[in-house]
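The values are calculated or read from the model by the stated rules, or taken from the named source; none is laboratory data. Worth saying up front: this structure is predicted, and the values here are computed from it rather than measured. Using ideal geometry, Cβ is built from the backbone for each residue, glycine included, and neighbour counts are taken over all protein chains shown. When the accessible area is computed, the model is the full protein with side chains, heavy atoms only, and any ligands, DNA or RNA have been set aside. Shrake-Rupley method; radii C 1.70, N 1.55, O 1.52, S 1.80 Å.
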Amino acid sequence: DTAVSQTPKYLVTQMGNDKSIKCEQNLGHDTMYWYKQDSKKFLKIMFSYNNKELIINETVPNRFSPKSPDKAHLNLHINSLELGDSAVYFCASSEPGLEVNEQFFGPGTRLTVL
Amino acid sequence: QQPVQSPQAVILREGEDAVINCSSSKALYSVHWYRQKHGEAPVFLMILLKGGEQKGHEKISASFNEKKQQSSLYLTASQLSYSGTYFCGTEKGGSQGNLIFGKGTKLSVKP
């Protein structure tokens with residue numbers, strides 16, 4: 001059983017296009033996250049939702065818009081894609097309030113903007 | 001504040017030991033350690049919350065100094081499966097889950 005899943009695994013698109021990445025978790029966690037990992041492997045948090053509400057919004061261009069239809073899903077929509085958006089995007093989830101706040105990551109979506 | 005990891009990379013032979021450090025000029029709320037194998041997602045190793053704490057996970061253990069400004073990850077008798085990039089993270093502003101990661105340490109274990 002996949003705990004955190006993302007689709008698609010690979011996404012190749014042209015500059016200026018709009019694309020979405022979907023994430024689902026079946027762990028029953030209340031909190032979900034989006035991370036961006038660039039070509040230098042730097043892993044940076046973008047957003048966090050707790051039970052469908054946005055709680056963390058790091059300095060991310062407003063071309064990126066997360067949407068959480070329910071607490072098991074957190075999608076990422078990106079408008080007007082730019083070359084610099086090329087990266088691996090990871091979704092993650094965790095259960096807040098626990099002393100050991102382990103985050104479970106999805107397999108990642110490799111986005112390539114041409 | 002982003003924690004600073006050292007070294008950036010290390011190459012070992014199977015059976016050798018390694019230490020990866022994670023430090024900050026200010027006290028950290030906590031330290032989270034993750035390992036990411038090539039082409040895979042990061043996987044949680046352990047979290048340290050208290051100054052002076054030490055934790056173990058098979059042959060991988062970690063410590064958090066009393067001032068909570070440095071954590072070290074110890075890999076003993078390394079195995080090929082230990083290869084990957086190790087990240088330490090800390091909770092930004094004490095906000096649970098809002099992890100800010102170091103730049104990672106790439107560990108390569110050779111036969």
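Of note:
- Meets criteria (hydrophobic (A, V, I, L, M, F, W, C), within 23 Å of B:Ala9 (Cβ to Cβ) and facing chain A (nearest Cβ under 10 Å)) for B:Ile60: no
- Checking the stated criteria, A:Thr59 turns out not to satisfy the condition of being out of contact with any helix residue (DSSP H, G or I) (no Cβ under 9 Å at 6 or more places or on another chain), among the hydroxyl-bearing types (Ser, Thr, Tyr) and at pLDDT 95 or above.
- Residue among A:Glu95, A:Glu58, A:Glu82, A:Glu99 that is among the acidic types (Asp, Glu), closer than 22 Å to A:Lys41 by Cα and within 14 Å of another protein chain (Cβ to nearest Cβ): A:Glu58
- Any hit, region A:7-28, residues being facing another protein chain (nearest Cβ under 9 Å) and surrounded by fewer than 19 Cβ atoms within 10 Å (Cβ to Cβ): no
- Pairs where the first residue, in region B:22-43, is over 16 Å from B:Ala62 (Cβ atoms) and the second is of a type in the set (Val, Ile, Thr), C-beta under 6 Å, 6+ apart: B:Gln36/B:Thr85
- Taking region A:29-110 and the strands (runs of 3 or more DSSP E) fully enclosed by it, the elements with 3 or more residues that are open to solvent by less than 40 Å² (accessible area, probe 1.4 Å) are at A:31-37, A:43-50, A:64-70, A:73-78, A:87-94.
- Among the candidates B:Val109, B:Val19, the residue that is β-branched (Val, Ile, Thr) and either over 14 Å from the mean Cα position of the chain (by Cα) or modelled with pLDDT under 90 (or both) is uniquely B:Val109.
- Identity of the residue in region B:70-111, within 14 Å of chain A (Cβ to nearest Cβ) and among the charged types (D, E, K, R), that ends up least open to solvent (accessible area, probe 1.4 Å): B:Glu91
- For region A:38-50, a residue qualifies if it is more than 10 Å from chain B (Cβ to nearest Cβ) and within 16 Å of A:Gln103 (Cβ to Cβ), and the qualifying residues are A:Met46, A:Phe47, A:Tyr49.
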